Structure formats: C-alpha cells, structure tokens
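What follows is a short report on a single structure.
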Amino acid sequence: MSDSSSTDVLTAILRTEIAALEPGDRLPSSRELIARHGVGPVTVSRAIALLAAEGIVVTRPGSGTYVATRRPPASEEGPADTSWQTVALAGRAFDPGRAFDPGGAANGPSEELPPGTVALSGGYLHESLRPARELSAALARAARRPDAWHRAPVAGLAPLRALFARQAGNGVNPEDVLVTGGGQGALSMLFRALAAPGSPLLVESPTYPGALAAARAAGLRPVAVPMDGDGIRPDLLADAFAMTGARLLYCQPTFHNPTGTVLAPERRRQVVDVARAAGAFLIEDDFARHLGHGGPVPRPLVADDRDGTVVHLTSLTKPASPSLRIGALVARGPVVHRLRGMRQVDDFFTARPLQEAAVELLSTPAWDRHLRALATALRTRSTALATALARELPDWTLARHPAGGLHLWLRLPDRLTDTAVADAARLHGVSVDAGHRYFPTDPPASHLRLGFAAAADTADLTEAAHRLAAAAHTLPRA
C-alpha cells in the first residue's frame, strides 16, 4: 500500500474514533498508533497533520494530540468569543525600550539608479501610473477643512475607518479598524505586539523581505513553511505549528509577493482553521488588494473570521503613491487594546492631513477610475514583460502569469546564480531583485523577482528583457 493510501486509511479510522470522543480527550500516542494500526511514523504524522488542518484535533508539543472543540454551524453560532486571546497573548509584554538592529531592510526605498537604467526592481508604481492629479486635489480639499491640523484620534478618523471596514468585508466594523502610517510600520508594531522576543514566526517560503527584516528586528525567528501553486500548504503549516509551538503566522493570501500566488479557495478557510486550532494569530498582509489585473479578487480572510484569529493589514501606498503613508489594521478582541496602546507609545496617531486626504481620495469616483485604469496598465505591462522574457530567455522559468500584483517570479537555470545575474544586469543597465533574500532559509534554487510597474513604459520592459539576455550571455556556462 502506498504512503498516500495508508495515510488516507488511517485518517478515516481516526476520524471515526474521534467522533466517539469528547473535546479535550487525548488521542493515543504516535507509538501506540503505530503499533495498533501497523503503519509507519510518517503515516501517523501525516494523518495527524491532516486532522489538525481540518480543525478536528489540536497538537500540543510535549503533551500530545487532543480532540478539538467542535464548532457549530455558522447559522447556530452565538456571539463571537475572543476570550482565547487572553491565553495567546500571555507573556507577550511590549517593551518600548528594547533596542534592536534592523540590519538591512531588504525592501526599503530603492537607491538612486544610474541614468538610463531600466528599473525592474523595487515595489512602487512609476509616476505615470500614480493618480498624482487626484492626490493633489484631495490634499488641497483636505487642507481647507477647519480642523485639518487638529489632533487625530488614536484609532484614526471615523470616516476613514468606515471606508477600510467596508473594503475588508461585511463582517468588519469601523470599531475593528486602526489607521496606521502605511504597512511597514504596522508590521513592525504587530510583530512586537503579538510575539515575545525569541519566539518563532511562521512565514511562507518565499516571502516579503521587509516582513523578515521587521520580524528579526523584533527578535523573532522566522520559520519557513513551503508553498506550492495553490499557496501555503495547510498540512505542512499544521506540522510547523506542532513542531515549533509558534503562535503567529504571517502570510499574503492574495497576489503573494514575490510569486503572485493566490491562496486557493479550498485552502483559505483551512489555513485560518489551522491557526485557530494552534491558538495562534494569523497576520493577513493584503497589500495588493487594489493591484488586481482586472479579474475577481477573493474576499479577505478577515471577512469570514469571527474569533479574532486573523489580524488584517492593508495599505494605500502601493496603488497610489509611496508618500501616501496610510494603511489600516483590522483586529478583534483584547489584541485591539494592545495595538492602540502601542500606537500611543510609538507615534500617538497618523498625521491628520494625510488621513483627511485619503478620505477625500477614496470617496470620489476618481479613485475607482484610477483603479480600473491601473488594472489595465498592470495587465498590459505584465504580458509585455513575460512575452519579451520568453523570447529573449526561453530557459528561464516563469512561475505563473500573475492575476495581480507588480512582479514576475522566475527560476533561473541551474548554471546561474541570482547574485551573479543581478550584478551583470546592473552593468547592462537594468536593475533586478535577487531572489535569495525572499527566503527565510537557504533557497532551493536561484530566482529573480522582476517588477513591471516601475519602468516608464512597455518599450522599456522589452528593452530590459533584451539587456537581461545580453547580461546572462556574459556569465560563465557550466
């Protein structure tokens, strides 16, 4: 019998046995299961991981595997219960005096490029794609308000919180929203609020380097959880929670940076359930919600979360301008009070004129027109760069044609390293992002992240592919 069928058989047996048990009952040990069912340890481990991913059992490192609390159908659920967070937050005191060395924040503002360089690096829109006129008009209207320079509430202006709540989904209220000064600072605050120094942080592999930098600055230990074409793998996620005892997961379910992956529909609820079963928070970085290429965009995970497992992070910086440092956190339960307290320690509140300008921008038809035009432009640019790369560098493997976001993710031939290609590319007048810095551990292969939003136009993207090919041909062959 194959490992897969053995796992399926054992999982079915255990599922039947668990149905006769009570929540909190302990399952037999792995050694007992191996002896009783005549299977190997790998089969037992996989079966337990699948049951944990389904929310049927909870694994507790050093203690065992237990029957999880059974959840009633959504139609029968009473008021949301966030009391579990009292336990999850235990020992996670915030120390504002703790010093840290952030090292090199991998995705900070791009350095000045030499004249004539085509930018395929970085993560912001070219100025021609930004709504500059609309931003200027919104800021001018905001500045004319009598209270434009008054102190803003700690949680943010009520109209802006309402706009972010509506974007997050019907289950989110303005009271759940905390306005932030962009996404990066919010990530730093979240990592310090939700985990103690030295704690493990589960992350997709690869992932956003700025998150890795912020996590390490907070003293956390990033732990890689592999992805496939459908996003983070729930079975391996359950294993990672069980093996590390982690109480925090950072992920990007929609238009993942750098791969462009969208977490598959059947996995979205499953990933949340795995985190909930582990008594952990899930940070949903929804930075690319407004960067779709014209197709449907899935609901945020937070929209379907009732228990405060998901802490949602979004920002206006990517679809608008690097200097519109406005974002939002959505959270429920005791963690909200902690985040507001940290805001008062960190920076009191987000600048009111920028918040007022964001309200003005988001409340006009011009914003929707901008997003529609941006979707068309990004789709056109993505196709142009992918087509040029296929023609110029046919042995470079494109992970996927993304349906959103700002980047293409490519695997290089085994004979090439990402750093060598990046260095050669710069000498040929094109900047790229080396892929190794997107991995929390040693990368399995060499990759490049190529942006299609920072260049001036599609002609520059075609020229960049030509220059990349010329750069690759200068490198030694195996």
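Read the figures in this text as sums done on the coordinates, not as results from a lab. Bear in mind the structure is a predicted one, so any value in this text is a computation, not a measurement. Virtual Cβ from ideal backbone geometry, glycine too; neighbours counted across all protein chains shown.
Data for the structure
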{"item": "For the range 255-407: Kirkwood Rh in Å [reciprocal of mean 1/r, alpha carbons]", "result": "17.8"}
{"item": "Phi-based couplings in Hz for the range 170-183 (Karplus 6.51, -1.76, 1.60; Gly and Pro marked x)", "result": "5, x, 9, 9, x, 5, 7, 9, 10, 6, 10, x, x, x"}
{"item": "Estimated FRET transfer efficiency when R0 is 25 angstrom, pair Ala148-Ser128 (beta carbons, to 0.05)", "result": "0.30"}
{"item": "Rg to Rh quotient for the range 134-364, alpha carbon positions, Kirkwood Rh", "result": "0.96"}
{"item": "D_trans [Stokes-Einstein, Kirkwood Rh over alpha-carbon pairs] for the range 371-417, 20 °C, 1.002 mPa s, µm² s⁻¹", "result": "184"}
{"item": "Farthest toward positive dipole pole in the chain [+1 Lys/Arg, -1 Asp/Glu at C-beta], among Leu412, Val87, Pro402", "result": "Val87"}
{"item": "Largest to smallest principal axis extent of the C-alpha atoms in the range 367-450, angstrom", "result": "44, 30, 23"}
{"item": "Calculated log₁₀ intensity ratio I(q)/I(0) where the Debye formula runs over C-alpha points of the range 3-67, q = 0.24 Å⁻¹", "result": "-1.07"}
{"item": "Rounded Å value of the spacing that divides the Cα centres of the range 228-294 and the range 424-461", "result": "24"}
{"item": "Which of Thr69, Thr309, Thr117, Thr441 has the fewest Cβ neighbours within 10 Å, and the rest in rising order", "result": "Thr441, Thr69, Thr117, Thr309"}
{"item": "Per-selection metrics, the range 111-150 (Cα): Rg and Dmax in Å", "result": "16.1, 45"}
{"item": "Helical contribution to [θ] at 222 nm, DSSP H n ≥ 4, -39,500 (n - 2.57), averaged over the chain, rounded to 500", "result": "-12500 deg cm²/dmol"}
{"item": "Radius of gyration, Dmax [the range 274-329; alpha carbons; angstrom]", "result": "13.2, 39"}
{"item": "Normalised contact order of the chain, rounded percent, pairs of Cα under 8 Å and 6 or more residues apart", "result": "20"}
{"item": "Ascending count of other beta-carbon atoms within 10 Å, so fewest first, for Tyr124, Tyr438", "result": "Tyr124, Tyr438"}
{"item": "Scattering profile of the range 191-310 at q = 0.10, 0.12 Å⁻¹ [log10 I(q)/I(0), Debye over alpha-carbon scatterers]", "result": "-0.27, -0.39"}
{"item": "Compactness relative to 2.2 N^0.38 Å, alpha carbon Rg of the chain", "result": "1.03"}
